[in-house]
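The values are calculated or read from the model by the stated rules, or taken from the named source; none is laboratory data. Quick caveat, the model's predicted, so the values are computed rather than measured. Ideal geometry is used to build each Cβ from the backbone, glycine not excepted, and the neighbour counts take in all protein chains shown.
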Amino acid sequence: MALSLVTGGCGFVGRHLVEALLSRGDAVRVLDTAPADGCGGAVDFRRGSILDRQAVESAVEGVDCVYHLAGIAHLWVADKDGFDRINRRGTETVVGAAAQAGVRRVVHCSTESILLPRRRNKGTLIDEAAPPSLADMAGPYTRSKHLGERAAFAAGRDGLDVVVVNPTVPIGDGDRNMTPPAAMLALFLSGGTSLFLDCILNLVGVRDVADGIALAGAHGRPGERYILGGENVALGELLPMLERLSGRRMPRRTVPAPLALAAGSVSGFIADRITGRPPIVTREGVILALRSAPFDSRKAARELGYAPAPIERALTDAVEEFKRRQA
């Protein structure tokens with residue numbers, strides 16, 4: 001029986017990945033700073049941080065495949081150094097320990113947002129071609145994810161079997177930490193805004209993402225990246241779907257890009273200097289929305305057998321969970 005380690009196995013995608021690995025017959029170990037009841041399933045739970053080299057070395061001992069998901073998935077944190085500390089240095093610690101332990105494979109979970117170029121040819125799909133440079137990243141979150149991914153690929157060039165996956169925008173039930181997609185949906189469903197910034201989102205069910213990550217562990221080619229996406233949907237098309245599924249009125253008016261950027265800057269300043277609480281919108285989030293583009297998952301379909309379901313089921317799950325939280 002293969003033993004798989006999932007860092008961040010108590011997170012939104014992580015919990016679903018644990019379920020996917022257990023269902024295919026793997027023994028699963030989880031390394032996470034969250035309590036054990038967050039990861040579910042019959043797992044070997046290790047509470048610890050990916051910054052703790054000793055904890056990571058203990059967790060990778062005897063492991064066949066490491067699925068590295070632990071990281072900061074939010075666009076704002078009070079401690080800005082945390083982005084680099086967790087998303088870059090944490091990745092360096094994990095891949096270093098895996099190489100030292102002779103782990104067969106590491107699957108590093110990155111993000112689609114680092115693949116968005118400053119400028120693109122309209123109508124073209126974003127695929128696995130070389131990503132933009134570090135200087136092109138939209139802010140501290142994307143810079144840290146870019147550097148984390150770079151560390152994973154560097155370990156691959158040094159001999160570690162590494163596969164990188166880039167999920168797009170996962171949605172569904174179980175997002176306890178309110179990652180940006182869940183926060184966005186909650187904002188619209190709660191009537192928290194009368195405006196929206198029209199952009200293109202590639203939405204994918206969280207269970208499909210988890211299945212895709214497991215498939216990358218089983219079938220991915222060393223040194224390759226795979227985009228794990230679903231459906232490309234303009235936000236202006238998504239909002240009527242949300243209105244139909246929820247029975248709640250959605251915004252009708254778009255916000256101009258300069259006003260959205262100004263709002264992101266002001267909200268970030270207030271969060272950083274006054275409230276210490278996450279802002280409704282960040283400048284980095286607005287920049288990513290303005291750069292948004294459709295994504296292409298055909299490589300994952302062709303090489304991994306990745307086959308995401310239509311997005312409506314996952315969207316329904318997300319809406320129903322929001323209603324339960326409000327009840």
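Looking at Arg302, Arg324, Arg277, Arg273, just one residue is loosely packed, with under 13 Cβ neighbours inside 10 Å, free of Cβ contacts under 8 Å to residues at least 12 places away in the same chain, basic (Lys, Arg) and not in a helix (DSSP H, G or I), and that residue is Arg277. Do we have any residue at all in segment 171-180 that's of a type in the set (A, V, I, L, M, F, W, C), surrounded by fewer than 18 Cβ atoms within 10 Å (Cβ to Cβ) and touching a residue at least 40 places away in the same chain (Cβ under 8 Å)? No - not one qualifying residue is present in segment 171-180. The residue of segment 122-137 that is nearest to Ala151 (Cα to Cα), among those that are exposed (fewer than 14 other Cβ atoms within 10 Å of the Cβ) and in contact (Cβ under 8 Å) with a residue 12 or more places away in the chain, is Leu134.
For segment 61-70, residues that are among the small types (Gly, Ala, Ser) and crowded, with 24+ Cβ neighbours inside 10 Å total 1.
Given the criteria surrounded by 19 or more Cβ atoms within 10 Å (Cβ to Cβ), more than 30 Å from Ala129 (Cβ to Cβ) and touching a residue at least 60 places away in the same chain (Cβ under 8 Å), does Ala293 qualify?
Against the criterion (surrounded by 19 or more Cβ atoms within 10 Å (Cβ to Cβ), more than 30 Å from Ala129 (Cβ to Cβ) and touching a residue at least 60 places away in the same chain (Cβ under 8 Å)), Ala293 does not qualify.
Given the options Val233, Val162, name the one that is crowded, with 24+ Cβ neighbours inside 10 Å and of a type outside the set (Ser, Thr, Tyr). Answer to the selection: Val162. For segment 283-297, check the following and say yes or no: at least one residue is assigned to a helix (DSSP H, G or I) and over 25 Å from the mean Cα position of the chain (by Cα). Within segment 283-297, not a single residue is assigned to a helix (DSSP H, G or I) and over 25 Å from the mean Cα position of the chain (by Cα).
Report, by residue number, each residue of segment 138-158 that is surrounded by fewer than 21 Cβ atoms within 10 Å (Cβ to Cβ) and outside any helix (DSSP H, G or I). Asp158, the sole residue that qualifies.
The residues of segment 27-40 that are charged (D, E, K, R) and at pLDDT 95 or above, listed by number, are Arg29, Asp32. Scanning segment 305-318 for residues that are outside any loop (DSSP other than H, G, I, E, B) and crowded, with 20+ Cβ neighbours inside 10 Å gives Ala314, Leu315, Ala318. Being under 26 Å from Ala99 (Cβ atoms) and in contact with a strand residue (DSSP E or B) (Cβ under 7 Å, 6 or more places away or on another chain): is that true of Ala155 here? Judged against the criteria, Ala155 is a match. Out of Pro222, Pro258, Pro240, one residue alone is without any contact (Cβ under 8 Å) to a residue 24 or more places away in the chain, over 22 Å from Thr316 (Cα atoms), surrounded by fewer than 14 Cβ atoms within 10 Å (Cβ to Cβ) and not aromatic (Phe, Trp, Tyr). It is Pro258.
Report whether or not Asp79 is surrounded by fewer than 19 Cβ atoms within 10 Å (Cβ to Cβ), modelled with pLDDT of 95 or more and acidic (Asp, Glu).
Judged against the criteria, Asp79 is not a match.
In segment 14-54, what residues are among the hydrophobic types (A, V, I, L, M, F, W, C), farther than 19 Å from Arg104 by Cα and touching a Cys at 6+ places or on another chain (Cβ under 7 Å)? Once the filter is applied, which keeps residues that are among the hydrophobic types (A, V, I, L, M, F, W, C), farther than 19 Å from Arg104 by Cα and touching a Cys at 6+ places or on another chain (Cβ under 7 Å), segment 14-54 yields Ala34, Cys39, Phe45.
Any residue at all in segment 99-121 that's touching a helix residue (DSSP H, G or I) at 6+ places or on another chain (Cβ under 9 Å), crowded, with 22+ Cβ neighbours inside 10 Å, among the hydrophobic types (A, V, I, L, M, F, W, C) and closer than 18 Å to Gly285 by Cβ? The answer is yes, given that some residue of segment 99-121 is touching a helix residue (DSSP H, G or I) at 6+ places or on another chain (Cβ under 9 Å), crowded, with 22+ Cβ neighbours inside 10 Å, among the hydrophobic types (A, V, I, L, M, F, W, C) and closer than 18 Å to Gly285 by Cβ. Every residue in segment 177-231 that is of a type outside the set (A, V, I, L, M, F, W, C) and more than 29 Å from Thr7 (Cα to Cα), please. Within segment 177-231, Ser190, Gly191, Gly192, Thr193, Ser194, Asp198 qualify.
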